[in-house]
Amino acid sequence: DAEITQSPRHKITETGRQVTLACHQTWNHNNMFWYRQDLGHGLRLIHYSYGVQDTNKGEVSDGYSVSRSNTEDLPLTLESAASSQTSVYFCASSEHSNYGYTFGSGTRLTVV
Amino acid sequence: DAKTTQPNSMESNEEEPVHLPCNHSTISGTDYIHWYRQLPSQGPEYVIHGLTSNVNNRMASLAIAEDRKSSTLILHRATLRDAAVYYCILRGEASGTYKYIFGTGTRLKVLA
């Protein structure tokens with residue numbers, strides 16, 4: 001069965017370190033998205049991609065970057081982790097149409 | 001991006017119908033109305049979507065006002081497993097964008 005997987009599920013890192021969160025989908029979806037979720041803020045869009053080599057900034061993109069070298073993967077990199085980036089991160093993908101999103105199970109990141 | 005307004009929380013008794021309202025007075029003619037729910041410690045899950053006509057699927061029904069400025073998600077018989085945060089989101093098609101902007105949603109509590 002097709003799926004979307006995020007790894008790791010949990011990560012603790014130190015302030016200033018570079019961290020990469022993985023997102024891999026086997027739906028062959030063109031559209032992929034990264035969100036973060038914090039108490040009181042709901043889900044906020046970080047970056048998104050509509051296809052290979054395409055990346056776009058969302059509403060809270062500062063301090064994050066993504067790259068899309070193939071259809072299946074959209075890794076999210078925190079260039080220099082900060083305590084304000086402690087959050088739960090969700091990856092999602094969707095078809096190139098009005099279909100809904102499929103979300104991953106999330107990565108809980110703690111920056112100490 | 002068009003915004004939606006939902007009550008912060010609602011309660012329902014088990015096995016009774018639940019009507020979750022959403023206001024979207026600035027909706028454009030080509031915006032679809034999408035509903036997602038998020039169970040505790042999980043990623044959001046697609047529930048239903050529609051444009052103008054009422055929609056039914058195995059999970060829920062979506063009733064859309066004639067002027068499209070509001071909609072209601074209907075769970076016909078609430079179960080304890082339906083306790084979740086429900087998000088109403090507008091998805092714009094005219095510009096070819098597929099990203100969602102999530103609000104804070106409605107937290108549904110189901111009482112046994």
Of the candidates A:Arg36, A:Arg68, the one satisfying the condition of being surrounded by 19 or more Cβ atoms within 10 Å (Cβ to Cβ) and over 11 Å from the mean Cα position of the chain (by Cα) is A:Arg68
#### Entry: Test result for A:Gly58, within 14 Å of chain B (Cβ to nearest Cβ), closer than 28 Å to B:Tyr86 by Cβ, free of Cβ contacts under 8 Å to residues at least 40 places away in the same chain and surrounded by fewer than 13 Cβ atoms within 10 Å (Cβ to Cβ)
no
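Would you call B:Ser61 surrounded by 13 or more Cβ atoms within 10 Å (Cβ to Cβ), among the polar types (S, T, N, Q) and over 22 Å from A:Leu43 (Cβ atoms)?
Numbers: surrounded by 13 or more Cβ atoms within 10 Å (Cβ to Cβ): yes; among the polar types (S, T, N, Q): yes; over 22 Å from A:Leu43 (Cβ atoms): yes.
Criteria met by B:Ser61.
Return a yes/no flag: does region A:77-91 have any residue that is under 19 Å from B:Trp35 (Cα atoms) and surrounded by 14 or more Cβ atoms within 10 Å (Cβ to Cβ).
Looking only at region A:77-91, we keep the residues that are under 19 Å from B:Trp35 (Cα atoms), and these are A:90-91.
Subsequent filtering for residues that are surrounded by 14 or more Cβ atoms within 10 Å (Cβ to Cβ) retains A:90-91.
Yes - at least one qualifying residue is present in region A:77-91.
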The one condition B:Met59 fails out of (1) touching a strand residue (DSSP E or B) at 6+ places or on another chain (Cβ under 9 Å); (2) away from every other protein chain (no Cβ under 14 Å); (3) in a loop (DSSP other than H, G, I, E, B) is (2)
I'd like to know if region A:41-48 contains one or more residues that are surrounded by 12 or more Cβ atoms within 10 Å (Cβ to Cβ) and in contact with an Asp or Glu (Cβ under 6 Å, 6 or more places away or on another chain).
yes
Flagged in region A:8-33 as open to solvent by less than 60 Å² (accessible area, probe 1.4 Å) and of a type outside the set (Phe, Trp, Tyr), in numbering order, are A:Pro8, A:Thr13, A:Gly16, A:Val19, A:Leu21, A:Ala22, A:Cys23, A:Gln25, A:His29, A:Asn31, A:Met32
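Quick check on region A:92-101. Is at least one of its residues assigned to a strand (DSSP E or B) and over 24 Å from B:Gln38 (Cβ atoms)?
Step one: of region A:92-101, the residues assigned to a strand (DSSP E or B) are A:92-94.
The next check asks that each one be over 24 Å from B:Gln38 (Cβ atoms); those that pass are none.
Taking every residue of region A:92-101 in turn, none turns out to be assigned to a strand (DSSP E or B) and over 24 Å from B:Gln38 (Cβ atoms).
Yes/no per residue for (1) surrounded by 15 or more Cβ atoms within 10 Å (Cβ to Cβ); (2) part of a strand (DSSP E or B); (3) in contact (Cβ under 8 Å) with a residue 40 or more places away in the chain; (4) within 14 Å of the chain's Cα centre (by Cα):
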site	(1), (2), (3), (4)
B:Glu16	no, no, yes, no
B:Cys22	yes, yes, yes, yes
B:Ile27	yes, no, yes, no
B:Thr30	no, no, yes, no
B:Trp35	yes, yes, yes, yes
B:Pro40	no, no, yes, no
B:Ile48	yes, yes, no, yes
B:Ser53	no, no, no, no
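Every residue, every condition in (1) on the phi < 0 side of the Ramachandran plot; (2) within 11 Å of another protein chain (Cβ to nearest Cβ); (3) not in a loop (DSSP other than H, G, I, E, B); (4) not hydroxyl-bearing (Ser, Thr, Tyr), yes or no:
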| position | (1), (2), (3), (4) |
| --- | --- |
| A:Gln6 | yes, yes, yes, yes |
| A:Tyr48 | yes, yes, yes, no |
| A:Asp62 | yes, no, no, yes |
| A:Arg68 | yes, no, no, yes |
| A:Arg108 | yes, yes, yes, yes |
B:Ile74 meets each of (1) within 10 Å of the chain's Cα centre (by Cα); (2) of a type outside the set (S, T, N, Q); (3) surrounded by 17 or more Cβ atoms within 10 Å (Cβ to Cβ); (4) at pLDDT 95 or above with one exception, condition (3)
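The values are calculated or read from the model by the stated rules, or taken from the named source; none is laboratory data. A quick note: this is a predicted structure, and the numbers were derived from the prediction, not measured. With ideal geometry, Cβ positions are generated from the backbone for all residues, glycine too; neighbour counts draw on all protein chains shown. Ligands, DNA and RNA are stripped out before the accessible areas are found, and what is left, the full protein with its side chains, is counted by its heavy atoms. Shrake-Rupley method; radii C 1.70, N 1.55, O 1.52, S 1.80 Å.
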